[in-house]
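Below is one structure, written out as structure tokens; the observations come after it.
The values are calculated or read from the model by the stated rules, or taken from the named source; none is laboratory data. Treat the numbers as computed from the prediction; the structure is a model and nothing was measured. In this analysis, Cβ positions are derived from the backbone assuming ideal geometry, glycine residues included, and neighbour counts consider all displayed protein chains.
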Amino acid sequence: MDRRRFLNLAAATGATTAFGTLPSPSFAQSRELINRKIPSSGTAVPILGMGTWITFNVGKSTSLRNKRLEVLKAFFEGGGGMIDSSPMYGSSEEVVGYCLEQLPPQEKLFTATKVWTVSKWMGVKQMETSQSLWGHKTFDLMQIHNLVDWEVHMETLNAWKSEGRIKHTGITTSHGRRHGEFEKIARDHAFDFAQFTYNVEDREAEDRLLPMAAERGMGVIVNRPFQRGALIKKLAGKPLPPWASEIGVSSWPQFLLKFVISHPAVTCAIPATSNPAHMIENLEAGRGVLPDPQMRSRMVTYVQSL
Amino acid sequence: MVPLSLEVFLGTLEDFNRMIRPMQALAVMFGLMAVWVVLKPQQMSGRLLGLVLASSWASTGLFYHLGVFAELNFWDYPVGVMFLVQAAGLFFIGAVMNWITAAPTEGTSYRIGLALGFYALAGAPLIGLAAGRGWAEVGYFASSPGPTILFTAAVLLMVSGRWLAVLWPVPVIAALLVTIFGVSLGIYEDAAVFPLVAAALMIKLRSRSRQNGN
């Protein structure tokens, strides 16, 4: 049996733990990313999406825009589909729209953005601007960013959903100190998605938010899986654990992503990068086996020991 | 909380500086003229100082913050408006009411003001160049916030007059934001803006309390 067939079989049977090396990129790209279903709609989305905070905020520069186009190409070629942005991210939405225009229509594209302003009128204007910037009349997901004027926007989002202008609604926070307020809102109101921060070092969401999302049937998007890059910097130069290969991990970014997406309540994580090679590397974390609860505890203990 | 990378910031600053060239050199000349009228006061010196400083804040607010960087960084909207408010204050107090007395103050306040003025016009850009950036990747007086804030603090140290106290809060707040930005992106000359403006304000307050004591 050649290597390709062996790996294919192993992946299909969940037996990738049997060998310690990662498949080559070309082979890896031929395999599907793990998909998770959105609890409220049953729609399947790849377990790794793409964030655009900072990385896609490149303004009018054509050369920088074309570099981001390479990132997006690598993302789609690697099986990615879900892109998350926000009007808060400067020119990111416009740059995403520019890149999407250069590429053939993507079957798996799942468009997610946010409303981040006050008042109903401003919110509607902002969402219409986002439609225009992305070049998409319908968003798969519209989220209320950082709880800004959430009561007002929630009504608009529900109205848009019933009109078919958006498919899912969501609410986000990236501040741990607002988790209490976030939980109360998400418990009391019907949203399809919750987006918050979760990573191997910041595991506050494990106590309340992740169980609440599972209980309420909400999809979960995890932002800052690398703690805004701080975890990558902190772990750079440190050795991966000898057992990393058991979960198909050959780099720290993959280790960090595997940890996040292996939580059963997580629908997808949205790492951001401006480097196509990093994108390919990140997507590898979304294939093969995911750590079980015992392995997840081991991962936390190991990172804490460094 | 800075939503753009150093690469994008420097690239955009470069495009901006190339677009407005040679306005930077012209602005530095106006800055030197402002220092000259403090050293050799004339009848219209106060109005001229008000006009030069107001123009520098208005151009930075309109073109740098609102015109270019607001697209990349939401903070540039309120900061741009803040610059326009300061421009209006300088224009009213200096150019319209002639409340800036361009007679140089004596002692430490004056000497440090003079040094800070030259630092704002030439020293800060030189630090950027020394850090390995090209001429278009550094900020200049009247087209970038750091040097504009520093030069204004320098002039306020060197002059006296009615209502000048109201011209300090905006530079202090703006300096704090520039420093946060500079620290976040690793731009040394911007990181130094708040400490320098805070020190200038302390010196001014000490100088005033001494004068009141006399």
Boolean, residue A:164 is out of contact with any helix residue (DSSP H, G or I) (no Cβ under 6 Å at 6 or more places or on another chain), without any contact (Cβ under 8 Å) to a residue 40 or more places away in the chain and at positive phi: yes
Residue in the range B:156-172 that is of a type in the set (Ser, Thr, Tyr), touching a strand residue (DSSP E or B) at 6+ places or on another chain (Cβ under 8 Å) and either modelled with pLDDT of 95 or more or surrounded by fewer than 24 Cβ atoms within 10 Å (Cβ to Cβ) (or both) present: yes
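Of the residues B:121, B:129, B:177, only one is without any contact (Cβ under 8 Å) to a residue 60 or more places away in the chain and either of a type in the set (D, E, K, R) or in a helix (DSSP H, G or I) (or both); which?
Working: B:121 fails: without any contact (Cβ under 8 Å) to a residue 60 or more places away in the chain; B:177 fails: without any contact (Cβ under 8 Å) to a residue 60 or more places away in the chain.
The conditions single out B:129.
Could you check the range A:139-157 and list, in sequence order, the residues that are over 25 Å from residue A:34 (Cα atoms) and either surrounded by 14 or more Cβ atoms within 10 Å (Cβ to Cβ) or not acidic (Asp, Glu) (or both)?
Selection gives A:144, A:145, A:146, A:147, A:148, A:149, A:150, A:152, A:153, A:154, A:156, A:157.
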Any hit, the range B:41-49, residues being among the basic types (Lys, Arg), at pLDDT 90 or above and either crowded, with 18+ Cβ neighbours inside 10 Å or under 22 Å from residue B:167 (Cβ atoms) (or both): yes
Candidates B:127, B:100 - the one that is under 18 Å from residue B:51 (Cβ atoms) and of a type outside the set (Gly, Ala, Ser): B:100
2 or more residues in contact (Cβ under 8 Å) with a residue 24 or more places away in the chain and under 30 Å from residue A:56 (Cβ atoms): qualifying helices (runs of 4 or more DSSP H) within the range B:1-100: B:6-20, B:76-90
Test: residue A:210 is surrounded by 14 or more Cβ atoms within 10 Å (Cβ to Cβ) and part of a loop (DSSP other than H, G, I, E, B): no
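Residue by residue through the range B:155-174, note down the ones that are in a helix (DSSP H, G or I), closer than 24 Å to residue B:35 by Cβ, of a type in the set (A, V, I, L, M, F, W, C) and in contact (Cβ under 8 Å) with a residue 60 or more places away in the chain. First the steps, then the outcome.
Residues of the range B:155-174 that are in a helix (DSSP H, G or I), as a first pass: B:155-158, B:164-167, B:169-174.
Checking which are closer than 24 Å to residue B:35 by Cβ leaves us with B:155-158, B:164-167, B:169-172, B:174.
Within this subset, residues satisfying the condition of being of a type in the set (A, V, I, L, M, F, W, C) are B:155-158, B:164-167, B:170, B:172, B:174.
If the condition is that a residue be in a helix (DSSP H, G or I), closer than 24 Å to residue B:35 by Cβ, of a type in the set (A, V, I, L, M, F, W, C) and in contact (Cβ under 8 Å) with a residue 60 or more places away in the chain, then B:155, B:158, B:164, B:166, B:167, B:170, B:174 are the ones that fit.
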Enumeration of residues in the range B:1-33 that are within 12 Å of chain A (Cβ to nearest Cβ), crowded, with 21+ Cβ neighbours inside 10 Å and within 17 Å of residue B:126 (Cα to Cα): B:13
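Would you check if there is a residue in the range A:217-225 being free of Cβ contacts under 8 Å to residues at least 40 places away in the same chain, among the small types (Gly, Ala, Ser) and at negative phi? Break it down stepwise before answering.
As a first pass, look at the range A:217-225 and keep what is free of Cβ contacts under 8 Å to residues at least 40 places away in the same chain: none.
Checking the range A:217-225: not a single residue is free of Cβ contacts under 8 Å to residues at least 40 places away in the same chain, among the small types (Gly, Ala, Ser) and at negative phi.
So for the range A:30-47 (the condition being hydrophobic (A, V, I, L, M, F, W, C), under 28 Å from residue A:259 (Cα atoms) and in contact with a helix residue (DSSP H, G or I) (Cβ under 6 Å, 6 or more places away or on another chain)), does at least one residue qualify? Before the answer, list the steps.
Taking the range A:30-47 as the starting set, the residues that turn out to be hydrophobic (A, V, I, L, M, F, W, C) are A:33-34, A:38, A:44-45, A:47.
Narrowing further to those that are under 28 Å from residue A:259 (Cα atoms): A:33-34, A:38, A:44-45, A:47.
Next, only the ones that are in contact with a helix residue (DSSP H, G or I) (Cβ under 6 Å, 6 or more places away or on another chain) stay: A:47.
Yes; the residues of the range A:30-47 include at least one that is hydrophobic (A, V, I, L, M, F, W, C), under 28 Å from residue A:259 (Cα atoms) and in contact with a helix residue (DSSP H, G or I) (Cβ under 6 Å, 6 or more places away or on another chain).
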Helices (runs of 4 or more DSSP H) lying entirely in the range A:56-136 (those with 3 or more residues that are surrounded by fewer than 22 Cβ atoms within 10 Å (Cβ to Cβ) and within 11 Å of another protein chain (Cβ to nearest Cβ)): A:62-77
